[in-house]
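The values are calculated or read from the model by the stated rules, or taken from the named source; none is laboratory data. None of the values given here were measured: they were computed from a predicted structure. Because the Cβ atoms are built from the backbone with ideal geometry, glycine has one as well, and the counts that use them run over all protein chains shown. Side chains included, ligands, DNA and RNA excluded: accessible areas come from the protein's heavy atoms. Shrake-Rupley method; radii C 1.70, N 1.55, O 1.52, S 1.80 Å.
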Amino acid sequence: TQLLEQSPQFLSIQEGENLTVYCNSSSVFSSLQWYRQEPGEGPVLLVTVVTGGEVKKLKRLTFQFGDARKDSSLHITAAQPGDTGLYLCAGAGTGGFKTIFGAGTRLFVKA
Amino acid sequence: DVKVTQSSRYLVKRTGEKVFLECVQDMDHENMFWYRQDPGLGLRLIYFSYDVKMKEKGDIPEGYSVSREKKERFSLILESASTNQTSMYLCASRQGHREAFFGQGTRLTVV
């Protein structure tokens, strides 16, 4: 069974701090996605990483896909209150149609 | 932009009622999914469909059925709503094994 484990589960930080969220698996994924979800809304796609070792930047967010395509990280520089939300990693399961989701990291950035 | 639209943002239904949740996508995606999201349990797959009139059970199909008569529309049906089906319901669509796109969610309360 393919699993994605996210850590930490919950993070509360001050505005301006940096943070990293991790998404780990023992399985290889052909691609991984990161989503951000605000309360009462559906998840919104932030990025897809496909190539092992790939790094993508989205303003203050940096996403990295592990060399072996088993893990990924999301780094936020100088976090702002607007970054508050639930961050989910996801990957397409092999041999089927399912998307595998991590349990999410709930981030709260205090002003 | 990909658009996945769920018919209702909020619903309140009585125990025993038959409930229909509708989802429409405008990207001609083959695959569509219904999830429920509950605190501490993450996203759980109820049903998915990989083609018109085709459906597959997800991880928690009990108490639910689905219908996909047209490619763009995927309906979730609660045959006889129960209080333990109070949840956030999320529809998603996906082309092949690429990233999934979500609707805005339906918050269902069964009283």
Open item on the list: If a residue must be more than 8 Å from chain A (Cβ to nearest Cβ), surrounded by 16 or more Cβ atoms within 10 Å (Cβ to Cβ) and not in a strand (DSSP E or B), how many such residues does the range B:79-111 contain?
Closed with: 3
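Scan the range A:74-89 residue by residue and report those that are under 10 Å from the mean Cα position of the chain (by Cα) and within 20 Å of A:Gln14 (Cα to Cα).
Let us first name the residues in the range A:74-89 that are under 10 Å from the mean Cα position of the chain (by Cα), namely A:74-75, A:86-89.
Selection gives A:Leu74, A:His75, A:Leu86, A:Tyr87.
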- [ ] Return a yes/no flag: does the range A:99-111 have any residue that is under 23 Å from B:Lys3 (Cβ atoms) and either within 14 Å of chain B (Cβ to nearest Cβ) or crowded, with 21+ Cβ neighbours inside 10 Å (or both).
- [x] yes
Open item on the list: Regarding the range B:49-61, can at least one residue be identified that is at the interface with chain A (Cβ under 10 Å from one of its Cβ atoms) and within 10 Å of the chain's Cα centre (by Cα)?
Closed with: no
Task: Options A:Val28, A:Val47, A:Val55; residue that is of a type in the set (Val, Ile, Thr) and open to solvent by 70 Å² or more (accessible area, probe 1.4 Å) - done: A:Val55
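Provide a single number: the residues in the range A:59-76 that are more than 14 Å from chain B (Cβ to nearest Cβ) and either hydrophobic (A, V, I, L, M, F, W, C) or surrounded by 15 or more Cβ atoms within 10 Å (Cβ to Cβ) (or both).
Step one: list which residues in the range A:59-76 are more than 14 Å from chain B (Cβ to nearest Cβ), which gives A:59-62, A:64, A:66-68, A:70-71, A:73-76.
Then keep just the ones that are either hydrophobic (A, V, I, L, M, F, W, C) or surrounded by 15 or more Cβ atoms within 10 Å (Cβ to Cβ) (or both); that gives A:61-62, A:64, A:66, A:68, A:70-71, A:73-76.
Total meeting the criteria: 11.
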